[in-house]
Structures are given as C-alpha cells and as structure tokens.
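The values are calculated or read from the model by the stated rules, or taken from the named source; none is laboratory data. Quantities reported herein were computed from a predicted structural model and do not represent experimental measurements. Glycine also receives a Cβ, built like all others from the backbone with ideal geometry; neighbour counts cover every protein chain displayed.
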Amino acid sequence: MQLAQTSREYVRVAITATDDNGSPVASTSPRLAFLTGEGNPEDDDWHDAETVSGYARVMVGPDAIELDTGNYWVWITATAGAEQPVERAGRLRIY
C-alpha cells in the first residue's frame, strides 16, 4: 500500500485466523504496528484497531497516526482464545 503523507485514510489488514474446521476465529482487541526496521514490535509500538468486515483497521495521516515518509513493515496482533499471534502483514510506503 502507498499513501501520501498528507492523506488521511484507513490502513486495513485482513484477519485470516481460522480454527481447525476452517471457521473464522473470533478475535478481540486487534492492534497494528508500523516499523521501519526488521525487529519485532515492542509494547509501545502498537495502535488499537477496530474490526470491520473481517479487517483490522486504523486511521493513518494528519490528526491520526502520523508517519514520516519512508517504508514501513505493518504488523498485526490480536487475542484469539489462549493465543496472541504477532504477524508481519505487509509493507506500507508513505511518500
């Protein structure tokens, strides 16, 4: 995904977790992180997201999560039962 630094819009990540039968897993408290480096997110890197139509989303841009120009790894985590997976979901370029 690519966004102008002056744009204000949602960054969405598909929630694809399924149980052993292939049914979607109900998750709570999805969070997204945006990192320029290769390391895993730390506690203060996460932004609370909302779930809409199978996607976790957060608003990025002016008066929201403001990111400098550059390339970011987008990470997602959510609590699903006893599990709390942390996954790298893709790339975001701010220009």
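Assuming Val58 fulfils every condition listed in (1) out of contact with any Lys or Arg (no Cβ under 9 Å at 6 or more places or on another chain); (2) at pLDDT 95 or above; (3) not in a loop (DSSP other than H, G, I, E, B) apart from one, which condition is it?
Failing condition for Val58: (1).
For the stretch 74-86, indicate whether the set of residues that are farther than 15 Å from Arg12 by Cβ, surrounded by fewer than 18 Cβ atoms within 10 Å (Cβ to Cβ) and at pLDDT 95 or above is non-empty.
For the stretch 74-86, residues farther than 15 Å from Arg12 by Cβ, surrounded by fewer than 18 Cβ atoms within 10 Å (Cβ to Cβ) and at pLDDT 95 or above: absent.
Among what's in the stretch 74-95 and is over 17 Å from Gln2 (Cβ atoms) and touching a residue at least 60 places away in the same chain (Cβ under 8 Å), pick the residue that is nearest to the chain's Cα centre (by Cα).
So the residue we want is Ile76.
Suppose we filter the stretch 44-73 for residues that are farther than 12 Å from Arg31 by Cβ, of a type in the set (Ser, Thr, Tyr) and either surrounded by 18 or more Cβ atoms within 10 Å (Cβ to Cβ) or within 13 Å of the chain's Cα centre (by Cα) (or both); how many remain? Can you show your working first?
Here is the first cut: in the stretch 44-73, the ones farther than 12 Å from Arg31 by Cβ are 52-55, 59-64, 66-73.
If we keep only those that are of a type in the set (Ser, Thr, Tyr) too, we end up with 53, 55, 69, 72.
Of the ones still in play, those that are also either surrounded by 18 or more Cβ atoms within 10 Å (Cβ to Cβ) or within 13 Å of the chain's Cα centre (by Cα) (or both) are 55, 72.
Of the residues in the stretch 44-73, 2 are farther than 12 Å from Arg31 by Cβ, of a type in the set (Ser, Thr, Tyr) and either surrounded by 18 or more Cβ atoms within 10 Å (Cβ to Cβ) or within 13 Å of the chain's Cα centre (by Cα) (or both).
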